[in-house]
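The values are calculated or read from the model by the stated rules, or taken from the named source; none is laboratory data. Because the structure is a prediction, the values reported are computed rather than measured. All Cβ positions, glycine included, derive from the backbone under ideal geometry; neighbour counts span all protein chains shown. To get the accessible areas, we keep the full protein, side chains included, count just its heavy atoms, and leave off ligands, DNA and RNA. Shrake-Rupley method; radii C 1.70, N 1.55, O 1.52, S 1.80 Å.
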Amino acid sequence: MTDPLRPKPIPANARCAICEAPMPVADLLLQKAAPYVVCRQFDCQRLIQQLPRMNTPQFNALLAFHRRQLAERREREQARQHHQQQVEANEAADNQALLEAFVAQHPDLPAPPDIMPLPKGINTLTPVSPERRTRFLQHLEQALAEATACANVNELPQDQHFVAHERRVKQDALLASLPRLQSLSDQLCTLCQGGCCSEGADHAYLSAVSLRRQLDADPALTAATLAQQYRDHIPAAAMDNACLFQTESGCNLPRALRSDVCNHFYCTPLQQLQQQWQREPPQRLLVIQRNNTWWNRYDCDEKNPLVGTMLIPVVQE
């Protein structure tokens with residue numbers, strides 16, 4: 001059996017000796033003097049670092065085990081993607097049939113409306129337990145400790161919470177320039193009733209970044225005062241298995257206290273509407289709402305139940 005790590009010339013179409021993925025050109029340039037070709041993925045680098053401590057049979061056995069794990073992982077991912085594509089295709093076909101039936105029932109429409117699929121928020125309201133409150137306050141305390149350990153937000157890691165602020169600023173500017181699009185987006189979010197909020201759990205997507213931004217924006221604001229503001233907004237009852245601040249009337253937090261992740265997020269259909277609007281606003285929308293939230297719409301094998309349809313005229317500016 002040929003040892004995949006034996007020194008040899010590096011071809012342009014080389015693959016990683018560990019994960020067998022195609023090697024990016026940048027990685028190849030970094031390894032011209034190397035006796036083997038390994039990509040910069042963390043798992044591959046960690047595995048190759050064990051080579052000096054093993055003999056060839058031991059390493060080959062470990063390599064074969066690692067490749068089996070990767071193959072199983074890829075297979076699961078492919079199955080997941082296939083399932084999602086099938087769900088989306090079935091819903092798209094069902095939505096088209098609903099649109100055609102609606103148009104047939106309303107022959108006076110000058111043109112068919114655009115389809116606007118929407119998820120639906122959880123509507124099981126339960127009292128907030130002491131345990132939920134404690135979990136949130138522990139998360140808040142930890143995030144505040146991280147936020148106050150640095151001088152400003154730029155010292156924190158530039159993760160999803162960091163970049164969400166930049167996206168929010170651009171999105172706010174777009175919606176401010178298109179008031180009708182803003183009001184329509186708000187109307188659709190109200191119809192949805194928090195279908196994108198269900199993953200907020202007991203953290204509400206609050207992070208050191210979002211808290212530090214608030215402290216940076218107001219030098220007079222202290223961590224203790226900010227923590228108290230969040231405590232004051234914990235509702236007596238919230239949606240079960242959803243965000244702690246999700247109530248029957250919407251988010252219990254004022255927009256200034258919500259995370260940038262929450263403030264900038266729109267589901268894909270709404271994002272597509274906002275992009276389309278900049279080219280050519282639709283004349284009217286046929287809202288097709290289904291029962292699952294934005295995050296669990298792929299979880300069940302059964303058909304995502306239809307909640308209802310609604311025609312929304314769009315008044316162009």
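Here are a few things to note about the model shown:
- Selection over the range 188-211 of residues that are of a type outside the set (A, V, I, L, M, F, W, C) and either part of a loop (DSSP other than H, G, I, E, B) or modelled with pLDDT of 95 or more (or both) gives a count of 7.
- Residue in the range 43-65 that is surrounded by 12 or more Cβ atoms within 10 Å (Cβ to Cβ), assigned to a loop (DSSP other than H, G, I, E, B), in contact with an Asp or Glu (Cβ under 8 Å, 6 or more places away or on another chain) and not aliphatic (A, V, I, L, M) present: no
- Restricting the range 66-107 to residues that are acidic (Asp, Glu) and under 22 Å from Asn296 (Cβ atoms), the residue that is most open to solvent (accessible area, probe 1.4 Å) is Glu88.
- Evaluated against (1) open to solvent by less than 50 Å² (accessible area, probe 1.4 Å); (2) more than 30 Å from Leu99 (Cβ to Cβ); (3) aliphatic (A, V, I, L, M); (4) under 23 Å from the mean Cα position of the chain (by Cα), Leu181 falls short on exactly one condition, (2).
- Sole residue being open to solvent by less than 50 Å² (accessible area, probe 1.4 Å), in contact (Cβ under 8 Å) with a residue 12 or more places away in the chain, out of contact with any Cys (no Cβ under 7 Å at 6 or more places or on another chain) and of a type in the set (Asp, Glu), chosen from Asp240, Asp260: Asp260
- Residue in the range 201-214 that is farther than 21 Å from Pro119 by Cβ, touching a residue at least 12 places away in the same chain (Cβ under 8 Å) and among the β-branched types (Val, Ile, Thr) present: yes
- Looking only at the range 18-31, and only at residues there that are part of a loop (DSSP other than H, G, I, E, B) and within 32 Å of the chain's Cα centre (by Cα), the one that is modelled with the lowest pLDDT: Pro24
- Subset of the range 227-237 [surrounded by 13 or more Cβ atoms within 10 Å (Cβ to Cβ), of a type in the set (A, V, I, L, M, F, W, C) and part of a loop (DSSP other than H, G, I, E, B)]: Ile234
- Test: Ala224 is assigned to a helix (DSSP H, G or I) and loosely packed, with under 14 Cβ neighbours inside 10 Å: yes
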